[in-house]
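Notes to accompany the following structure.
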Amino acid sequence: MACGSCGTTENGVPKGCKSNGNCGSGTCGSGSEKLAVFDWLSNMSLPSGQERFNIFEVRFKNGRKHFFKNVDNLPLIMGDIIAVEGSPGHDIGTISLAGELVKVQMKKRKITEDHEDVKKIYRKANQRDIDIWQAARAKEEETQRKGREILGKLGLQMKLSDVEYQGDGNKATFYYTADSRVDFRQLIRDLAGAFSIRVEMKQVGARQEAARLGGVGSCGRELCCSTWLTDFRKVSTSAARYQQLSLNPLKLAGQCGKLKCCLNFELDTYLDALKAFPKQDVVLKTEKGDAVFVKMDIFKKHLWYTYKEERFKWFQLTLDQVQEIIELNKNNEKSIPLEEYESEIEIPQKVDFEDAVGQDSLTRFDTPKNSKRRNNRNKRNKKTAVATANSSKENTQSQPQKRRPKRNPNQKPKAEGNVNKPKANNKPKRKPRPKTDRKPNKPKNSNEPNQPKAEGSKPNKPRRNNKNRNNNKPKNGESPQEK
């Protein structure tokens with residue numbers, strides 16, 4: 001990603017990766033990931049008289065790697081858990097690379113054999129070292145939670161993203177991100193007093209934070225920065241512009257909030273395809289008028305133009321047609337209108353799915369099928385329900401029913417002793433009619449028998465049946481009061 005071919009030209013056009021993601025300076029070219037390293041020189045025998053390289057690459061939490069020197073010439077191979085020099089104390093890590101490939105990694109990072117960052121290897125880790133290391137790693141999640149609580153009490157504008165304990169459990173490194181400079185001297189004192197350990201604060205960027213935490217991108221795969229991408233370079237919006245992408249920050253941003261690194265991987269393919277296309281500021285001169293560029297489809301080689309005076313209509317042209325019009329314009333000739341060019345384009349028809357081999361529909365299980373047994377069972381249940389309803393109606397017709405007054409839902413409950421019972425009605429009641437012949441219920445009046453009476457009001461009259469209600473209708477335009 002950060003090789004010499006990456007960068008920007010003098011005209012502002014991005015160069016791209018020039019290797020479609022397989023950068024020669026990173027580990028992607030060898031096909032290895034950040035954590036799983038393949039030593040392709042392990043079976044190669046060294047020349048006679050040459051000693052094996054005594055510096056090893058050791059991996060720690062979240063892909064953090066450092067180089068350590070084997071001073072005591074211990075028999076070490078890839079995958080061994082070793083105790084190395086710390087600051088202070090010792091740390092526990094896993095050997096990720098050995099042999100001649102370590103020289104290549106050190107050369108890429110510009111680290112020499114006598115560099116101060118190359119520390120010593122103490123020994124192979126015993127069972128006691130591994131137990132202490134695992135116990136320290138188990139405390140990292142709780143330490144991070146309490147550290148965020150202390151950070152919130154102090155009100156510092158920083159985010160605590162990760163905590164890493166040293167192998168001996170005497171030191172913890174707190175990784176944080178911040179937009180501006182933060183004074184965390186009081187925070188270090190509070191953290192050291194809360195956990196009784198040596199505290200080291202380390203600031204990381206947004207991309208490094210995403211690489212440490214990991215995750216899944218919008219493409220459905222694991223993040224490139226947490227698997228194989230080791231070097232990060234700036235991604236500009238011009239990379240998205242040359243790929244004809246909408247400049248929407250929500251779609252172009254990755255998990256870190258910055259522009260996606262993969263915008264650089266496909267840029268070379270788009271730049272090669274755009275070499276055959278004319279510039280977007282070229283105006284096509286036709287007999288009907290001048291036409292300007294609207295949009296393009298790079299891989300289908302289609303372009304859309306519209307007239308300056310009539311911008312409501314877009315005309316689809318092929319790349320060959322546009323180049324033909326440009327050649328005519330160079331000879332001071334105007335081309336025929338764009339409508340005639342568009343009519344020559346043959347649009348391929350999409351072939352729908354054909355059931356040629358007798359395959360079933362993909363949606364055959366979406367709608368449930370009603371079985372005949374279930375339909376017959378429902379019919380029997382309905383017949384029994386109708387029979388029981390008829391028998392219940394006959395029983396109710398033989399016995400007079402007492403109609404209970406309906407209660408108003410907005411009515412308050414009555415107090416005991418103030419209940420007004422309606423007067424008994426000795427007249428025989430009519431037989432109940434079917435539901436279809438009944439009149440709709442009228443709204444209740446304020447003088448219902450269920451409502452409590454005010455002082456000095458008249459006693460409530462009993463509710464009349466249908467026979468009395470029909471007899472009390474006014475006749476000859478008389479009002480009920482006159483009757």
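The values are calculated or read from the model by the stated rules, or taken from the named source; none is laboratory data. Just so it is clear, the model here is predicted, and its values are computed rather than measured. Using ideal geometry, Cβ is built from the backbone for each residue, glycine included, and neighbour counts are taken over all protein chains shown. These accessible areas exclude ligands, DNA and RNA; they are computed on the full protein's heavy atoms, side chains included. Shrake-Rupley method; radii C 1.70, N 1.55, O 1.52, S 1.80 Å.
Can you tell me which residue is surrounded by the fewest Cβ atoms within 10 Å (Cβ to Cβ) among those in segment 75-109 that are of a type in the set (A, V, I, L, M) and part of a strand (DSSP E or B)?
Narrowing segment 75-109 to residues of a type in the set (A, V, I, L, M): 76-78, 81-84, 92, 95, 97-98, 101-102, 104, 106.
Pick out the ones that are also part of a strand (DSSP E or B) and you get 81-84, 92, 95, 97.
Numbers: Ile81: 16, Ile82: 23, Ala83: 21, Val84: 22, Ile92: 23, Ile95: 21, Leu97: 21.
So, considering only residues that are of a type in the set (A, V, I, L, M) and part of a strand (DSSP E or B), the one surrounded by the fewest Cβ atoms within 10 Å (Cβ to Cβ) is Ile81.
Give me the residue from segment 134-151 that is aliphatic (A, V, I, L, M) and more than 18 Å from Lys202 (Cα to Cα) and, out of that set, surrounded by the most Cβ atoms within 10 Å (Cβ to Cβ). Steps first, please.
Filtering segment 134-151 for residues aliphatic (A, V, I, L, M) gives 135-136, 138, 150-151.
Okay, now just the ones that are also more than 18 Å from Lys202 (Cα to Cα), so 135-136, 138.
Working: Ala135: 11, Ala136: 21, Ala138: 10.
So, considering only residues that are aliphatic (A, V, I, L, M) and more than 18 Å from Lys202 (Cα to Cα), the one surrounded by the most Cβ atoms within 10 Å (Cβ to Cβ) is Ala136.
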Among the candidates Lys202, Lys171, which residue alone is open to solvent by 30 Å² or more (accessible area, probe 1.4 Å) and of a type outside the set (S, T, N, Q)?
Lys202
From Asp39, Asp72, which residue is out of contact with any strand residue (DSSP E or B) (no Cβ under 6 Å at 6 or more places or on another chain) and either buried (at least 17 other Cβ atoms within 10 Å of the Cβ) or at pLDDT below 70 (or both)?
Asp39
Looking only at segment 48-67, count how many residues are more than 41 Å from the chain's Cα centre (by Cα) and within 14 Å of Gly99 (Cβ to Cβ).
6
For segment 203-262, what are the residues that are closer than 29 Å to Ala273 by Cβ, touching an Asp or Glu at 6+ places or on another chain (Cβ under 7 Å) and β-branched (Val, Ile, Thr)?
Thr227
Of all the residues that make up segment 250-279, how many are open to solvent by less than 90 Å² (accessible area, probe 1.4 Å), free of Cβ contacts under 8 Å to residues at least 40 places away in the same chain and either over 22 Å from Ser226 (Cβ atoms) or part of a loop (DSSP other than H, G, I, E, B) (or both)?
3
Would it be correct to say that Lys300 is assigned to a loop (DSSP other than H, G, I, E, B) and either over 28 Å from Ala240 (Cβ atoms) or among the aromatic types (Phe, Trp, Tyr) (or both)?
no
Can you confirm whether segment 175-191 contains a residue that is β-branched (Val, Ile, Thr), modelled with pLDDT of 90 or more and open to solvent by 20 Å² or more (accessible area, probe 1.4 Å)?
yes
When you scan segment 42-69, how many residues do you find that are open to solvent by less than 80 Å² (accessible area, probe 1.4 Å), in a loop (DSSP other than H, G, I, E, B) and small (Gly, Ala, Ser)?
1
Could you pull out every one of the helices (runs of 4 or more DSSP H) wholly within segment 307-422 that has 3 or more residues that are under 30 Å from Ala291 (Cα atoms) and at pLDDT 80 or above?
319-330, 338-343
Of the residues in segment 152-163 that are within 25 Å of Lys258 (Cα to Cα) and not hydroxyl-bearing (Ser, Thr, Tyr), the one that is surrounded by the most Cβ atoms within 10 Å (Cβ to Cβ) is Val163
Count - residues of segment 110-133 that are more than 23 Å from Ala172 (Cβ to Cβ) and open to solvent by less than 50 Å² (accessible area, probe 1.4 Å)
2
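So which residues in segment 304-344 are among the polar types (S, T, N, Q) and open to solvent by less than 30 Å² (accessible area, probe 1.4 Å), if there are any at all?
As a first pass, look at segment 304-344 and keep what is among the polar types (S, T, N, Q): 306, 316, 318, 321, 323, 329, 331-332, 335, 343.
Of everything in segment 304-344, those that are among the polar types (S, T, N, Q) and open to solvent by less than 30 Å² (accessible area, probe 1.4 Å) turn out to be Thr306, Gln321, Ser335.
How many residues are farther than 17 Å from Asp320 by Cβ and open to solvent by 70 Å² or more (accessible area, probe 1.4 Å) if we restrict to segment 280-303?
At the first step, the residues of segment 280-303 found to be farther than 17 Å from Asp320 by Cβ are 280-281, 283, 285, 287-290, 292, 294-295.
With the extra rule that they be open to solvent by 70 Å² or more (accessible area, probe 1.4 Å), the set shrinks to 280-281, 285, 287-288, 295.
Within segment 280-303, residues that are farther than 17 Å from Asp320 by Cβ and open to solvent by 70 Å² or more (accessible area, probe 1.4 Å) number 6.
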